[in-house]
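Visitor: Let me begin by handing over the structure; questions about it come next.
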Amino acid sequence: MGKKDLSQKSKLSTQIKNAVCEVILSSTSHGFPNILRSTNLAIKLMWAFFTVLFFGLCAYMITTAIITYFNYDVVTVIRVKNDFKPYFPTVTICNLNYFTSDEAIAFIKPFEKSKVFYAPFESTFDVMAKGISKKNAKFLNNSKIFSDSKEKFIVFCEYLMEDCNMSAFKFYFHPNYGNCYQFNTGYDENDSKIPLKTTIVTERAQGLRLVLNTSVPDSLKFITPFTGAIVFIHNHTTDPMMVTGITLAPKTETNIGLSRMFYSSQPKPYSQCETSTNDPNSFSSELYKLVLENTQFYTQTLCIYQCFQREVIKNCNCSVTTFPDFYKEKSCSGIDQSICLQQVFDMAKNTDFFSDTCYQECPLECDGMTFQKTVSTTQYSNFQFEEYLKMSRFTRYFNRTEVNGNDFTAFSVYYENLGYINIEESPSMEWVDLLSNLGGIAGLFLGVSFLSFVEIIECAMQIILIFINQNKINQAK
């Protein structure tokens, strides 16, 4: 009985061996069939050596290809595209001085003597006054009272060599500069929707030209040592706080030539950005939803600001005066709140607060655009010209003896070219590319294709069938 069992096992082993050899000999690969097929020992060893060598190279290159794929590298394509009728940018203008009105004179008067207790080259008195002003009962009822009115600030406006419709300027409150006015937001002064302006020419004279009155009452000039205006040039979907402003000095004319650059990044896992950041339902973050509730379009920077404001409000029961605040909390003022605010700043600076808290709740957007600016200046106005303006019946604004030409600044905004630069990312290797690379490497070194792997399945099935047949024979006996 023992000899019979050994004979059956030997027969089974032979059947399995024959089945495996048959699959290998008929395989589409070249190495292993030739090792089995060769009768000469030297040739058999040669085939074995090169099969092992190329198998190792194949494994190395396949591993490298897979690692490269999971690095999620991108290819950046930069193209110059033409646009013959682009939208004109949104232009936000502000007086550099927050306090400029008659109401501001009355408000600042009680604090004037305390100026001596503040360092003259620091802005601490200015920040303190802004913080207190935002708690003022009149300010809470009307946020425009301490800064320039549109009628006082904008002396002259011309677009495409035609007078601007002044009702098309939309009010914008800036935490640092107070009353600002926006041209070409798509909304008028009553928040009614109006068409965005376009342009078809690149000449300076055909752009937007403004003359501004940056005057500050003498009794308020001690607050800050500078005068002038600031202009923010941005897309109509972008908040002015998200771009760097260009300062405009009195008695100068500033020319600002623009060119556009659009960029688009690949979303995760190729970068840290997320798609659909303008969809309120895409993320559950409180900060993310807060930004979208208060702006037309989401930006991570605004979200980070609100994250920091939330931390300040939580610890100090007030908000940072010079940061955008969608929580509508009262500004920090007074010694206790100032100390608390400094402690929160120190905490954020010395810990991973932003990376551990804010960036987790504030997704990064994948798409955006910027304006590249070329700025030049020249002297503006002179005594004889100002006298002429006062006498002119066409310019009512200047027909007043109290107007001082030293406070005027002019600027022009125009496109240097109508085309734009488009920067777009694409994956350097996609799933199809990875499969092609794997197939090419395996075919080059081993002569196999993906169908060759079916031969392994065939071999396994042959062995299973041998065992099944053997079991049937044993049961029949």
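The values are calculated or read from the model by the stated rules, or taken from the named source; none is laboratory data. Just so it is clear, the model here is predicted, and its values are computed rather than measured. In this analysis, Cβ positions are derived from the backbone assuming ideal geometry, glycine residues included, and neighbour counts consider all displayed protein chains.
Visitor: Which residue out of Lys268, Lys251 is surrounded by fewer than 17 Cβ atoms within 10 Å (Cβ to Cβ), in contact with a strand residue (DSSP E or B) (Cβ under 7 Å, 6 or more places away or on another chain) and without any contact (Cβ under 8 Å) to a residue 12 or more places away in the chain?
Guide: Step by step, each of Lys268, Lys251 is checked, and only Lys268 is surrounded by fewer than 17 Cβ atoms within 10 Å (Cβ to Cβ), in contact with a strand residue (DSSP E or B) (Cβ under 7 Å, 6 or more places away or on another chain) and without any contact (Cβ under 8 Å) to a residue 12 or more places away in the chain.
Visitor: Do you know which of the residues in segment 321-360 that are crowded, with 19+ Cβ neighbours inside 10 Å and touching a residue at least 60 places away in the same chain (Cβ under 8 Å) is nearest to the chain's Cα centre (by Cα)?
Guide: Cys358
Visitor: While we're on this one: Looking only at residues in segment 28-61 that are assigned to a loop (DSSP other than H, G, I, E, B) and modelled with pLDDT of 65 or more, which one is nearest to Gln462 (Cα to Cα)?
Guide: Only one residue fits best here, namely Ser29.
Visitor: Being farther than 26 Å from Asp163 by Cβ, assigned by TED's automatic domain parsing to the domain that holds Val243, out of contact with any Asp or Glu (no Cβ under 6 Å at 6 or more places or on another chain) and at pLDDT below 95 is the requirement here; does Asn417 meet it?
Guide: For Asn417, the condition - farther than 26 Å from Asp163 by Cβ, assigned by TED's automatic domain parsing to the domain that holds Val243, out of contact with any Asp or Glu (no Cβ under 6 Å at 6 or more places or on another chain) and at pLDDT below 95 - is met.
Visitor: If you check Lys289 against the conditions, is it more than 30 Å from Gln206 (Cα to Cα), out of contact with any helix residue (DSSP H, G or I) (no Cβ under 9 Å at 6 or more places or on another chain), not hydrophobic (A, V, I, L, M, F, W, C) and not in a loop (DSSP other than H, G, I, E, B)?
Guide: yes
Visitor: Right, next: Here are Ile154, Ile145, Ile230, Ile223: which of them is crowded, with 18+ Cβ neighbours inside 10 Å, under 28 Å from the mean Cα position of the chain (by Cα) and not aromatic (Phe, Trp, Tyr)?
Guide: It is Ile230.
Visitor: Then there's this: Among (1) surrounded by fewer than 19 Cβ atoms within 10 Å (Cβ to Cβ); (2) over 38 Å from the mean Cα position of the chain (by Cα); (3) in contact (Cβ under 8 Å) with a residue 12 or more places away in the chain, where does Ile108 come up short?
Guide: (1)
Visitor: For segment 132-142, check the following and say yes or no: at least one residue is closer than 17 Å to Thr321 by Cα and of a type in the set (D, E, K, R).
Guide: Checked against the condition, which is being closer than 17 Å to Thr321 by Cα and of a type in the set (D, E, K, R), segment 132-142 yields at least one hit.
Visitor: Continuing with this model, one more query. Identify, please: which residue in segment 299-320 is under 20 Å from the mean Cα position of the chain (by Cα) and of a type in the set (A, V, I, L, M, F, W, C) and is, among those, nearest to Asn176 (Cα to Cα)?
Guide: Leu302
Visitor: Only one of these is farther than 28 Å from Asn406 by Cα and either surrounded by 18 or more Cβ atoms within 10 Å (Cβ to Cβ) or small (Gly, Ala, Ser) (or both): Leu196, Leu292, Leu212. Name it.
Guide: When all the criteria are applied, what remains is Leu292.
Yes or no, residue by residue, for (1) out of contact with any Phe, Trp or Tyr (no Cβ under 6 Å at 6 or more places or on another chain); (2) at negative phi; (3) at pLDDT 90 or above:
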{"site": "Ser276", "(1), (2), (3)": "yes, no, no"}
{"site": "Pro280", "(1), (2), (3)": "yes, yes, no"}
{"site": "Lys314", "(1), (2), (3)": "yes, yes, yes"}
{"site": "Cys318", "(1), (2), (3)": "yes, yes, yes"}
{"site": "Ser333", "(1), (2), (3)": "yes, yes, no"}
{"site": "Gln342", "(1), (2), (3)": "yes, yes, yes"}
{"site": "Ala348", "(1), (2), (3)": "yes, yes, yes"}
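Visitor: Scan segment 68-85 and tell me whether some residue there is in contact with a helix residue (DSSP H, G or I) (Cβ under 7 Å, 6 or more places away or on another chain) and outside any helix (DSSP H, G or I).
Guide: Scanning segment 68-85, I find no residue that is in contact with a helix residue (DSSP H, G or I) (Cβ under 7 Å, 6 or more places away or on another chain) and outside any helix (DSSP H, G or I), so the answer is no.
Visitor: With under 33 Å from the mean Cα position of the chain (by Cα) and farther than 30 Å from Tyr415 by Cβ as the only criterion, which of Lys115, Lys81, Lys130 stands out?
Guide: Lys130
Visitor: Now a separate question. Could you say which residue among Pro269, Pro250 is under 20 Å from the mean Cα position of the chain (by Cα) and not in a strand (DSSP E or B)?
Guide: Answer to the check: Pro269.
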